[in-house]
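Student: Handing you this structure, nothing more for now.
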Amino acid sequence: MPTPLKTLAALLLLSGCATPPPPPRVEQLSNAELDRRLQLATHRAPGVVFGAIWRDGTTVLRAAGRADLRAGRDVTPAIPFAWFSLTKLFTATAVLQLSEQGRLDLDAPVSQYLPGIRLRRDGQEATVRQLLAHTSGLRNPLPVTWIHLAGEAGPGLDEMIRRRVGSAPKLASVPGTKSAYSNLGYLLLGRIIERVSGLPYQTYVEEHVLAPLGCHASGFAVPGDRATAYQKKWTFTGLAARWMVGRRFIGGTVDGYWELRPFTVDGAPYGGLSGPAEDLLRFGLMILREGEGEQGRVLSPASVRMMLQATPTRDGQPTSVGLAWHLGSIDGEPCFMHDGGGGGYRAELRIYPNRGCAVAVLANETSFSTRELARVVVR
């Protein structure tokens, strides 16, 4: 069992949970004001990228700061960042594709596709849909140490499930009765994709989700030009990073930051993708266009609507989660959102349906808040 101090440290380090409540309004800025905001943001992270796209394809991309402080490499809109939990949106998309094809029943129990795993409490067994909507009852152990250096062989998906889930995990709540975020559910969804499609999870997502989206600069391998990960050194979170993550992941210090060596997560389906802001915007545009990707249809309009509808509990109580997406509003204006982050990165994608606009924000510092920039639209 983790000590209370370790748990607190991990909570401060960890991202990949529901996006905090949004600020009170969406701001429309000029390009000049956006550039000024981005320059100010570089006081909180070495590099920041902002992107926005409209349903008609009009795109704004801006960047400020450094992708690598030691090398003096500037951030550009084309620089890849780790997306961490934004990967869940792509995993959910793959599951819905298989459902559309009649190969997977969203309301079937998980054990139908993973016979060795039983998610049951009080006579109720979790379904695939409940994994997608974070209502399965699975707990959310802190994944701070679920990483390995780039170039090393991390544990396979079966091994991760064996270690982190087991065959009959103790559920925190009866399936379908409570919304509670869990990375474990998306590990299981990744394995379900493999069992149903007959392809490795990464291969399926690359061929059937990333390719039709036109996301050719994104993937599960760590790109050599990815922005370097940083953590502010003289903060509680920074000190916790060295303690929780381990010295071998820290490459040194520069300008008051811990510099993290290139790494990736154990368990790709919950957080393994990296890519540039433009590819996140391509995903957002697919949602705005009801499933039509840049290079082919990704989802049906019905599946997109299903992703964006609040999932009720078993007794009909509303939740603020669709299928992967978190649902919210800003001053009465609806928005759909998901964030991600952890060791050295932050990422967020938002959809503003009434404006026909998607916004993406990326930064290379663990504790950077994407919220202020994610409520900006520029055209």
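Quick note: the coordinates plus some simple rules give every number you see, no bench work behind them. It should be emphasised that the depicted structure is a prediction, and the values quoted were computed from it without experimental measurement. Ideal geometry is used to build each Cβ from the backbone, glycine not excepted, and the neighbour counts take in all protein chains shown.
Student: Enumerate the calculated ³J(HN,Hα) couplings along region 277-294 in order (Karplus 6.51 cos²θ - 1.76 cosθ + 1.60, θ = phi - 60°), each rounded to whole Hz, writing x wherever the residue is Gly or Pro.
Tutor: Residue by residue, region 277-294 yields 4, 4, 6, 4, 5, 4, 5, x, 5, 4, 5, 4, 9, 6, x, 8, x, 4 Hz.
Student: Within region 260-314, report the trypsin sites (Lys or Arg not before Pro) that DSSP leaves as loop and that have at most 15 other Cβ atoms within 10 Å.
Tutor: Numbers: sites: 282, 289, 297, 305, 314; in loops: 289, 314.
Sparse-neighbourhood loop trypsin sites (Lys or Arg not before Pro): 314.
Student: In addition: Once phi is turned into ³J(HN,Hα) by the Karplus curve 6.51 cos²θ - 1.76 cosθ + 1.60 with θ = phi - 60°, what whole-Hz value does each residue of region 320-327 show in order, with x for glycine and proline?
Tutor: In residue order, the calculated couplings are 9, 10, x, 9, 6, 6, 8, 10 Hz.
Student: How much length would be gained if the chain were fully extended between residue 112 and residue 153, taking 0.36 nm per residue of separation minus their Cα-Cα distance, in nm to one decimal? Please report the intermediate quantities before stating the final value.
Tutor: Details: separation 41, 0.36 × 41 = 14.76 nm, distance 2.98 nm.
Separation in residues times 0.36 nm, less the Cα-Cα distance, equals 11.8 nm.
Student: Apply the Karplus curve 6.51 cos²θ - 1.76 cosθ + 1.60, θ = phi - 60°, to the phi angles in region 171-178 and return the couplings in whole Hz, x for Gly and Pro.
Tutor: Listing the rounded values in order: 7, 6, 8, 5, x, x, 9, 8 Hz.
Student: Take 258, 234 and order them by how many other Cβ atoms sit within 10 Å, fewest up front. List each step's numbers first, then the result.
Tutor: Details: 258 26, 234 9.
By the 10 Å Cβ count, ascending, the order reads 234, 258.
Student: Sum -39500 (n - 2.57) across every DSSP H segment of at least 4 residues in the chain, then divide by the residue count to get the 222 nm mean residue ellipticity, nearest 500.
Tutor: Helices in the chain give a 222 nm mean residue ellipticity of -7500 deg cm²/dmol.
Student: Within 10 Å of each candidate Cβ there may be at most 14 other Cβ atoms; applying that plus a DSSP loop requirement, which trypsin sites (Lys or Arg not before Pro) in region 141-195 survive?
Tutor: Numbers: sites: 162, 163, 164, 170, 178, 191, 195; in loops: 170, 178.
Sparse-neighbourhood loop trypsin sites (Lys or Arg not before Pro): 170.
Student: Under the rule of at least 5 residues apart or a separate chain, name every residue whose amide H is placed under 5 Å from the amide H of residue 254.
Tutor: For residue 254, whose amide H was placed from the backbone, the distant partners under 5 Å are 259.
Student: Quick one: 79, 330, fewest Cβ neighbours within 10 Å first, how do they rank? Intermediate values should be presented prior to the final figure.
Tutor: Values: 79 23, 330 18.
Going from least to most buried by this count: 330, 79.
Student: Follow-up question, since we're still on this one. Mind giving me the FRET efficiency for residue 78 and residue 172? R0 is 45 Å, r the Cβ-Cβ distance, nearest 0.05 is fine. Each step should come with its number before you reach the end.
Tutor: Numbers: r = 42 Å, r/R0 = 0.92.
That gives a FRET efficiency of 0.60.
Student: Using the number of other C-beta atoms within 10 angstrom as an exposure proxy, rank 208, 338 with the fewest first.
Tutor: Details: 208 19, 338 22.
With the sparsest Cβ surroundings first, the list reads 208, 338.
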